[in-house]
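Only one structure is covered here, and it is reproduced in the block below.
The values are calculated or read from the model by the stated rules, or taken from the named source; none is laboratory data. Since the structure is predicted, the reported quantities are computational estimates derived from the model, not experimental observations. Don't worry about glycine lacking a Cβ; one is built from the backbone with ideal geometry, like all the others, and counts go over all protein chains shown. Heads up: the accessible areas ignore ligands, DNA and RNA and are worked out on the full protein's heavy atoms, side chains in. Shrake-Rupley method; radii C 1.70, N 1.55, O 1.52, S 1.80 Å.
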Amino acid sequence: LYEFLNKNCHVDDYTSAGFTTIVENAKDAKETYFTDLTSVSSEGKYLLVCDGSSSSGVRVWQARDLMLQKDVVYRFSCWVANIDVGYASHGAASRSNLEFRIEYEGTGEIGEQIAKFQAPTTIGKWEFHTAEFTAEKSGWHHIFIKNHNTQQAGNDFAIDDIYFGTKLT
């Protein structure tokens, strides 16, 4: 799913919070604010980093045009890390509150929640999250991430190895 993301810019190139980019180390994107964190995967070596926003429910990433089949069980998984270098002073309220959702194309419906979780309390520690999703409709769908934390200080996270596909048995 990384193909939908921007690898050509850094967070510091933009002033607005909520911006995401792809880097090999979170610190490379925003040295002053992000912890030294490399990819959890030794293969891809890239991860998504996000400078948290004070706006609740903003889409921070999405993948468009995924063809899903009705009643098929899909598996979602990813690794997430808290990259807020000032987390000790910002406190627990500054943890990102992430929600992954499916949107049905052409219906105007937000569809269903796939997974919802917070970034870890330990800075730089990767946590694995997984969930299953059964499509209610066949056709083109979009998967997206929203961050519901409204803290301006902190609220920074990294995601790696996003997977969404058929359930492996």
(request) Count neighbours as other Cβ atoms within 10 Å of each site's Cβ, and list the trypsin sites (Lys or Arg not before Pro) in the stretch 106-154 that are DSSP loop with at most 15 such neighbours. (result) Lys125
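Could you look at the stretch 35-169 and say what percent of its accessible area is carbon and sulfur, using a 1.4 Å probe and all protein chains? If you can, show how the numbers build up before the last one.
Working: 2820 of 6190 Å².
In the stretch 35-169, the share of accessible area belonging to carbon and sulfur is 46 percent.
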(request) Using amide H atoms built 1.01 Å from N in the peptide plane, name the residues 5+ places from Tyr33, or on other chains, whose amide H lies under 5 Å from its own. (result) none
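Mind checking the stretch 39-109 for GluC sites (Glu not before Pro) that DSSP puts in a loop (not H, G, I, E or B) and that have at most 13 other Cβ atoms within 10 Å? Please list the in-between numbers first.
Working: sites: Glu43, Glu99, Glu103, Glu105, Glu109; in loops: Glu43, Glu105, Glu109.
Sites meeting the loop and neighbour criteria: Glu43, Glu109.
Compute the relative contact order of the chain as a whole-number percentage, counting only Cα pairs closer than 8 Å that sit 6 or more residues apart in sequence. Don't skip to the answer; put the middle values down first.
Working: 442 pairs, mean separation 54.0, N = 169.
Relative contact order, the chain: 32 percent.
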(request) On the full set of protein chains, 1.4 Å probe, figure out the accessible area of Trp126 and give it in Å² to the nearest 10. (result) 40 Å²
(message) Using alpha carbons only, how many angstrom separate the centre of the stretch 107-159 from the centre of the stretch 44-90?
(response) 5 Å
(message) With Kirkwood radius over Cα pairs in Å as the read-out, I listed (i) 20.1; (ii) 16.2; (iii) 15.6; which label goes with the value calculated from this structure?
(response) (ii)
